[in-house]
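The values are calculated or read from the model by the stated rules, or taken from the named source; none is laboratory data. Quick caveat, the model's predicted, so the values are computed rather than measured. Cβ coordinates were reconstructed from backbone atoms using ideal geometry, including for glycine residues, and neighbour counts include every protein chain displayed. Heads up: the accessible areas ignore ligands, DNA and RNA and are worked out on the full protein's heavy atoms, side chains in. Shrake-Rupley method; radii C 1.70, N 1.55, O 1.52, S 1.80 Å.
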There are 2 protein chains.
Amino acid sequence: MEVPTMSIRIQKTFEALFALEEIRSLFRESLPSGFSPEEETAFRSKTAGLKEIIADLEAGTGVPKVTKIAGTLDIRSREEEYINIHPIQAAGRLTAEARKALISYGDGYSTCDACRKPFRLDKISRPGIAEFHEELAKWLNMDIARVVPGARRGFQAVTGTLVEKGDSVIVSALAHYTEFLAVENAGGIVKEVPLNGENIVTAEATAQKIEEVMRETGKLPALVMIDHFDYQFANEHEIAGIGKVAHEYGIPFLYNGAYTVGVMPVDGKKIGADFVVGSGHKSMASVAPSGVLAMTEEWAPETLRTTTMTGDLTKRKFGIKEVEMLGCTLMGGTLLSMMASFPEVQARSLKWEDEVRRSNYFMDRFRKIAGSRVLSEYPRKHTLTKVDTTGSFDTVARTHKRRGFYFSDELSSHGIVGEFAGATRTWKLNTYGLNDRQVRYLADAFTEIAEKYGLPVEK
Amino acid sequence: MEVPTMSIRIQKTFEALFALEEIRSLFRESLPSGFSPEEETAFRSKTAGLKEIIADLEAGTGVPKVTKIAGTLDIRSREEEYINIHPIQAAGRLTAEARKALISYGDGYSTCDACRKPFRLDKISRPGIAEFHEELAKWLNMDIARVVPGARRGFQAVTGTLVEKGDSVIVSALAHYTEFLAVENAGGIVKEVPLNGENIVTAEATAQKIEEVMRETGKLPALVMIDHFDYQFANEHEIAGIGKVAHEYGIPFLYNGAYTVGVMPVDGKKIGADFVVGSGHKSMASVAPSGVLAMTEEWAPETLRTTTMTGDLTKRKFGIKEVEMLGCTLMGGTLLSMMASFPEVQARSLKWEDEVRRSNYFMDRFRKIAGSRVLSEYPRKHTLTKVDTTGSFDTVARTHKRRGFYFSDELSSHGIVGEFAGATRTWKLNTYGLNDRQVRYLADAFTEIAEKYGLPVEK
């Protein structure tokens, strides 16, 4: 089997999908009573075209006939054509069921067909959105869950509720920028917990930071918000210990699961989380922007407070709408992709150890290339890893006419994408979702590139 | 042509799309070097199945073989099988190009393939997101635009910037609940402008309300936020006059274009808007949640202020990230659906008069059914209309064993959905996007149902 065959087959798969979307448009433009003779002719012409595409798809023949969407957008086929090691894309790739749901529920307000009193997203039972909310909460071992337009909007709802102007919020020295913004947006001030020598946020350091903030400001921090695995190294931080410390001081604790919820089991109550935040497009195989905000019963009345605003003139009230959610949150394809991926997301979380094993398999092979280092904690506990190739691939870049891009070129010619183009010193990659064969292929490719450029590889 | 043929063809269209998504998964799970013999066999088996589906699709034969997505979700085929008159769904239906873009860009962070310094969504040039932002602003005749997770998140960014605790915000007596929530979330208080006898918000009434608020509170309102067409009647309010009044008092003016941006031309500067907010999933043929917040240069530094938060320990700064946007907003399929629909959305906005003509055609026919009333302003200036059938279809419901649901049953058996099930007194419908034949069919169906139940219909 040759690469060009794959490539044209992938192209023809998209062309067939697109042709079917055009057929779908014929139904949308017709009367419910059926096609007119002209419409039937148009339909037959489309299906004839479709059959040709499928013949090419099967045989791996033909030439690309559609290269742009809406005249300007390229077909994005990197997940089909390549192994994608992009640090933040790996666990957000849609499952096949999510892609089907999206085809079916992509239209704007597609969730609202059977919206009835009391008119709120999480109460809709057809499709089973209400049930999904309950399952989400249960799965995270929390009491109540809401879907939100990205983890950041979950942070915002919590800081908007708990943080007053000038309040301190404890975050990690590796906190994601969206945590900074959510605190700033609420008028708060971030206070970072230092890392230990292994780039880990410990419970002890968190307690010390809380003490320090209390000494400095005379006030308890309003919130502790810590990432279980951070975005830089994907090191595991002492999350349960930190939860315990927060509670000892009586400070609510937000568990940032952007890199955990959807890929590994998360037990909110065991961790001692008051809030669990996850990201749909980062780790739950969902369309962006999507995410989850789960909480304990204790915090729901405040965080999910319903509106108390009354129109001064009309006396209108929209009593069931939640202020921090701004009413409904994910009213269509975003939510349905989360829901359709959810069974697989639950199942795959239970197989996290396999993912970690593959991550370590790759890193073991990678470290055999002399001068290559893993900057994240090692052995790996996650599939996202920060590496340093200053002593290996970068030594080639220094004299190569394409500089660091030679490395991207080599990866690409091996069918690998997602590295930060041109970077050959410190960079990140993610092996999440690759199967055994793909991870071995990936490691082989790195070895081959090293050998091609004369970098010593330990056998 | 018979309805069952249509129905099975639509079913087979979905089955073919789904089969292709499963074929896509084979590529995703394979190596870039090509299929193994086992994979090739699996592929051949899938394409064989696909060809059978397409034979059924063409002939209109066969039986449904896939009825659920992810085991629980029904296939949503109401846009293909029915004429959908749902009040809020009409203009959010995806264009064919948006559906193609979504197939291609549905995966989580699909926008981030070529994200480079300075790492912000609106700066990405591949795909052309930066250019899209510029075009959006220009199209609305505003200076700067951002995409947001729904119009409500646009309101929130503005109230979060301009409204301090206790500030008054002028809204309409027909303001949407999300405006209430956005004001409440910022700590403000809504002050409603009364309607005139025709249910219109006038410039004069707005001026009087501002005066009243100033007398009562001793302070200028912080913001005037008015819907061009409201969600209840879709009446046109004196938006340009209101913009002028707001400016005379020196109050910033937010134009709520949830029912205009994407269906009719909107010229922000001509209107005198400081902010224009539109909804992607309501009126721009886009996946939810999506929307646009556009503004004049004057308001950008404040509303789009970048973060000033510095990590106390690490001294980290994320200088280019915008606080109210929380960094990037629509990082995948939502945005790409907006972008793919945009050329058609621009073109269709120029044909708004045709849509209004069809809306009036339907309402003329509807009013011939004795006892049927249009509660919205008439003749219609919009495709969304509130009607009162207390004197017509409700007279039947009073004695029918299915009560108001008889009417839903009748509509459904004519291939029409989207009415509020069971409602036969006051309810809303939207004819947006229906072509001439479909609108005539819709009017004929109403007439036929009336005649069937002996309601007098004027010839």
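So is B:Gly241 open to solvent by less than 40 Å² (accessible area, probe 1.4 Å), among the small types (Gly, Ala, Ser) and under 30 Å from A:Ala186 (Cβ atoms) or not?
The answer is no for B:Gly241.
Of a type in the set (Ser, Thr, Tyr), under 29 Å from the mean Cα position of the chain (by Cα) and surrounded by 16 or more Cβ atoms within 10 Å (Cβ to Cβ), is that true of A:Ser408?
Details: of a type in the set (Ser, Thr, Tyr): yes; under 29 Å from the mean Cα position of the chain (by Cα): yes; surrounded by 16 or more Cβ atoms within 10 Å (Cβ to Cβ): yes.
Considered against the rule, which asks whether it is of a type in the set (Ser, Thr, Tyr), under 29 Å from the mean Cα position of the chain (by Cα) and surrounded by 16 or more Cβ atoms within 10 Å (Cβ to Cβ), A:Ser408 comes out as yes.
Name every residue in the range A:252-266 that is touching a residue at least 60 places away in the same chain (Cβ under 8 Å), part of a loop (DSSP other than H, G, I, E, B) and either farther than 15 Å from A:Trp139 by Cα or polar (S, T, N, Q) (or both), in order of residue number.
Correct list: A:Pro252, A:Ala258, A:Tyr259.
Looking at the range B:52-63 only, could you name the residues that are outside any helix (DSSP H, G or I) and touching an Asp or Glu at 6+ places or on another chain (Cβ under 8 Å)?
Within the range B:52-63, B:Gly62 is the sole residue that qualifies.
Within the range B:186-213, restricting attention to residues that are among the polar types (S, T, N, Q) and more than 15 Å from B:His228 (Cβ to Cβ), which residue is surrounded by the fewest Cβ atoms within 10 Å (Cβ to Cβ)?
My answer is B:Asn196.
Just checking, does the range B:377-395 include any residue being β-branched (Val, Ile, Thr), open to solvent by 10 Å² or more (accessible area, probe 1.4 Å), in contact (Cβ under 8 Å) with a residue 40 or more places away in the chain and outside any loop (DSSP other than H, G, I, E, B)? Steps first, please.
Residues of the range B:377-395 β-branched (Val, Ile, Thr): B:383, B:385, B:387, B:389-390, B:395.
Among the residues that remain, those that are also open to solvent by 10 Å² or more (accessible area, probe 1.4 Å) are: B:390, B:395.
Going one step further and asking which of them are in contact (Cβ under 8 Å) with a residue 40 or more places away in the chain, we end up with B:395.
Now restrict to residues that are outside any loop (DSSP other than H, G, I, E, B): B:395.
Checked the range B:377-395: at least one residue is β-branched (Val, Ile, Thr), open to solvent by 10 Å² or more (accessible area, probe 1.4 Å), in contact (Cβ under 8 Å) with a residue 40 or more places away in the chain and outside any loop (DSSP other than H, G, I, E, B).
What tally of residues in the range A:313-353 results from selecting those that are over 19 Å from the mean Cα position of the chain (by Cα), among the aliphatic types (A, V, I, L, M), within 8 Å of chain B (Cβ to nearest Cβ) and under 25 Å from B:Lys282 (Cβ atoms)?
Residues flagged as over 19 Å from the mean Cα position of the chain (by Cα), among the aliphatic types (A, V, I, L, M), within 8 Å of chain B (Cβ to nearest Cβ) and under 25 Å from B:Lys282 (Cβ atoms) within the range A:313-353 amount to 2.
I'd like the residue in the range A:15-39 that is more than 7 Å from chain B (Cβ to nearest Cβ) and open to solvent by less than 40 Å² (accessible area, probe 1.4 Å) and, out of all such residues, is farthest from B:Ser25 (Cα to Cα). Working first, answer last.
In the first step, residues of the range A:15-39 are kept if they are more than 7 Å from chain B (Cβ to nearest Cβ); the result is A:15, A:19, A:26, A:30, A:36-39.
Next cut, open to solvent by less than 40 Å² (accessible area, probe 1.4 Å) only: A:15, A:19, A:26, A:30, A:36, A:39.
On the way: A:Glu15: 16, A:Ala19: 19, A:Leu26: 27, A:Ser30: 32, A:Ser36: 37, A:Glu39: 33 Å.
Among those that are more than 7 Å from chain B (Cβ to nearest Cβ) and open to solvent by less than 40 Å² (accessible area, probe 1.4 Å), it is A:Ser36.
List pairs: first residue in the range A:175-187 and aromatic (Phe, Trp, Tyr), second residue modelled with pLDDT of 95 or more anywhere in the structure, Cβ distance under 7 angstrom, at least six positions apart or on different chains.
From residues that are aromatic (Phe, Trp, Tyr), the pairs are A:Tyr177/B:Phe318; A:Tyr177/B:Lys321; A:Tyr177/B:Gly327; A:Phe180/A:Val190; A:Phe180/B:Thr307; A:Phe180/B:Met309; A:Phe180/B:Phe318.
Look through the range B:62-80, keep the residues that are in contact (Cβ under 8 Å) with a residue 60 or more places away in the chain and facing another protein chain (nearest Cβ under 7 Å), and return whichever of them is nearest to B:Ala151 (Cα to Cα).
Looking at residues that are in contact (Cβ under 8 Å) with a residue 60 or more places away in the chain and facing another protein chain (nearest Cβ under 7 Å), I get B:Arg78.
I'm told B:Val224 meets every condition in (1) within 30 Å of A:Asp113 (Cβ to Cβ); (2) part of a strand (DSSP E or B) except one. Can you identify the failing condition by its number?
Only one criterion in (1) within 30 Å of A:Asp113 (Cβ to Cβ); (2) part of a strand (DSSP E or B) is unmet by B:Val224, namely (1).
Counting only residues that are open to solvent by 20 Å² or more (accessible area, probe 1.4 Å), within 12 Å of chain A (Cβ to nearest Cβ) and without any contact (Cβ under 8 Å) to a residue 24 or more places away in the chain, how many does the range B:276-308 have?
Total satisfying the criteria: 2.
Filter the range B:412-456 for residues that are touching a strand residue (DSSP E or B) at 6+ places or on another chain (Cβ under 7 Å) and surrounded by fewer than 16 Cβ atoms within 10 Å (Cβ to Cβ); which is nearest to B:Val263 (Cα to Cα)?
B:Arg437
Kindly check whether there is at least one residue in the range B:214-234 that is surrounded by 24 or more Cβ atoms within 10 Å (Cβ to Cβ) and of a type in the set (Ser, Thr, Tyr).
No, because not a single residue in the range B:214-234 is surrounded by 24 or more Cβ atoms within 10 Å (Cβ to Cβ) and of a type in the set (Ser, Thr, Tyr).
With the condition kept exactly as written, say whether any residue in the range A:90-103 is farther than 22 Å from B:Ser30 by Cα, outside any loop (DSSP other than H, G, I, E, B) and in contact (Cβ under 8 Å) with a residue 60 or more places away in the chain.
yes
Anything in the range A:81-129 that is out of contact with any His (no Cβ under 7 Å at 6 or more places or on another chain), of a type outside the set (A, V, I, L, M), closer than 20 Å to A:Arg146 by Cα and more than 7 Å from chain B (Cβ to nearest Cβ)? List them, or say none.
Result: A:Thr111, A:Cys115, A:Arg116, A:Lys117, A:Pro118, A:Phe119, A:Arg120, A:Lys123, A:Ser125, A:Arg126.
Can you tell me how many residues within the range A:23-51 are touching a Leu at 6+ places or on another chain (Cβ under 9 Å) and assigned to a helix (DSSP H, G or I)?
Applying the first criterion (touching a Leu at 6+ places or on another chain (Cβ under 9 Å)) to the range A:23-51 yields A:23-24, A:35, A:39, A:42-43, A:46-47, A:50.
Checking the rest, the ones that are also assigned to a helix (DSSP H, G or I) come to A:23-24, A:39, A:42-43, A:46-47, A:50.
Count: 8.
Would you check which residues across the range B:396-411 are in contact with an Asp or Glu (Cβ under 9 Å, 6 or more places away or on another chain) and part of a helix (DSSP H, G or I) and list them?
B:Phe407, B:Ser408, B:Glu410, B:Leu411
Of all residues in the range A:159-185, count the ones that are part of a loop (DSSP other than H, G, I, E, B), open to solvent by less than 20 Å² (accessible area, probe 1.4 Å) and either under 28 Å from A:Arg305 (Cα atoms) or in contact with a Lys or Arg (Cβ under 6 Å, 6 or more places away or on another chain) (or both). Talk me through it step by step, then tell me what you get.
Our first condition is that a residue be part of a loop (DSSP other than H, G, I, E, B); within the range A:159-185, this holds for A:163-167, A:173-176.
If we keep only those that are open to solvent by less than 20 Å² (accessible area, probe 1.4 Å) as well, we get A:163, A:167, A:173-175.
Pick out the ones that are also either under 28 Å from A:Arg305 (Cα atoms) or in contact with a Lys or Arg (Cβ under 6 Å, 6 or more places away or on another chain) (or both) and you get A:163, A:167, A:175.
Summing the residues that are part of a loop (DSSP other than H, G, I, E, B), open to solvent by less than 20 Å² (accessible area, probe 1.4 Å) and either under 28 Å from A:Arg305 (Cα atoms) or in contact with a Lys or Arg (Cβ under 6 Å, 6 or more places away or on another chain) (or both) in the range A:159-185 gives 3.
When the residues of the range B:67-89 are filtered to those that are of a type outside the set (S, T, N, Q) and in a strand (DSSP E or B), which remaining residue is farthest from A:Glu344 (Cα to Cα)?
Restricting to residues being of a type outside the set (S, T, N, Q) and in a strand (DSSP E or B), the top hit is B:Ile83.
Looking at (1) open to solvent by 20 Å² or more (accessible area, probe 1.4 Å); (2) over 19 Å from the mean Cα position of the chain (by Cα); (3) of a type outside the set (Lys, Arg), can you tell me which one A:Glu97 breaks?
The number of the failed condition is (2).
In the range B:65-90, what count of residues is obtained for those that are open to solvent by less than 10 Å² (accessible area, probe 1.4 Å), in contact with a strand residue (DSSP E or B) (Cβ under 9 Å, 6 or more places away or on another chain) and of a type in the set (A, V, I, L, M)?
Looking only at that region, the number is 3.
Please specify each residue of the range A:7-44 satisfying the condition of being closer than 17 Å to B:Thr5 by Cα and basic (Lys, Arg).
Once the filter is applied, which keeps residues that are closer than 17 Å to B:Thr5 by Cα and basic (Lys, Arg), the range A:7-44 yields A:Arg24, A:Arg28, A:Arg44.
Being more than 17 Å from A:Glu448 (Cβ to Cβ) and either open to solvent by 10 Å² or more (accessible area, probe 1.4 Å) or of a type in the set (Ser, Thr, Tyr) (or both) is the filter here, so list the residues in the range A:362-376 that pass it.
Matches in the range A:362-376: A:Arg373, A:Val374, A:Leu375, A:Ser376.
Quick check on my filter: what residues within the range A:371-388 are touching a helix residue (DSSP H, G or I) at 6+ places or on another chain (Cβ under 8 Å) and under 28 Å from A:Asn435 (Cβ atoms)?
Looking only at the range A:371-388, we keep the residues that are touching a helix residue (DSSP H, G or I) at 6+ places or on another chain (Cβ under 8 Å), and these are A:371-374, A:378-385, A:387.
Of everything in the range A:371-388, those that are touching a helix residue (DSSP H, G or I) at 6+ places or on another chain (Cβ under 8 Å) and under 28 Å from A:Asn435 (Cβ atoms) turn out to be A:Ser372, A:Arg373, A:Val374, A:Tyr378, A:Pro379, A:Arg380, A:Lys381, A:His382, A:Thr383, A:Leu384, A:Thr385, A:Val387.
Looking at B:Gly150, is it within 9 Å of chain A (Cβ to nearest Cβ) and not hydrophobic (A, V, I, L, M, F, W, C)?
Yes: the conditions hold for B:Gly150.
Kindly indicate whether B:Val158 is within 22 Å of A:Gly92 (Cα to Cα) and touching a Leu at 6+ places or on another chain (Cβ under 7 Å).
Judged against the criteria, B:Val158 is not a match.
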